[in-house]
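Student: Take this structure, written in structure tokens, and hold onto it; I'll ask about it next.
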Amino acid sequence: MSFPEAFVREKMTFFWHDHFACRTQAAYLVQQQNNVIRKHALGSFRKLLPAVSKDPAMLQFLNNQQNKKIVLTRISRER
């Protein structure tokens with residue numbers, strides 16, 4: 001059985017959203033993050049990771065204003 005690319009892209013978007021989930025009250029930031037994930041969902045993980053880690057919702061979740069080191073250090077502590 002063959003699935004359309006859009007269906008697979010949405011499934012992968014939800015899959016990666018589960019891995020890169022963040023808590024925010026701003027629905028716009030969540031939608032923006034989903035769009036970033038959707039753009040890279042079927043592509044390379046090497047492109048997905050930097051795109052998500054620079055996303056405003058993720059930066060807000062990781063409290064980037066107080067973080068003095070690189071963002072990936074904070075990501076490893078959250079997991």
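Student: Which helices (runs of 4 or more DSSP H) sit wholly inside the chain and have at least 2 residues that are surrounded by 11 or more Cβ atoms within 10 Å (Cβ to Cβ) and modelled with pLDDT of 90 or more? Full working, then the answer.
Tutor: Working: elements: 5-19, 27-40, 45-53, 56-61, 71-78.
Answer list for the chain: 5-19, 27-40, 45-53.
Student: Considering only residues that are under 10 Å from the mean Cα position of the chain (by Cα) and in contact (Cβ under 8 Å) with a residue 24 or more places away in the chain, look in the range 16-36 and name the one that is farthest from LEU59 (Cα to Cα).
Tutor: TRP16
The values are calculated or read from the model by the stated rules, or taken from the named source; none is laboratory data. All values derive from a computational prediction rather than experimental measurement. Here the Cβ is made from the backbone with ideal geometry for all residues, glycine too, and neighbour counts use every protein chain on show.
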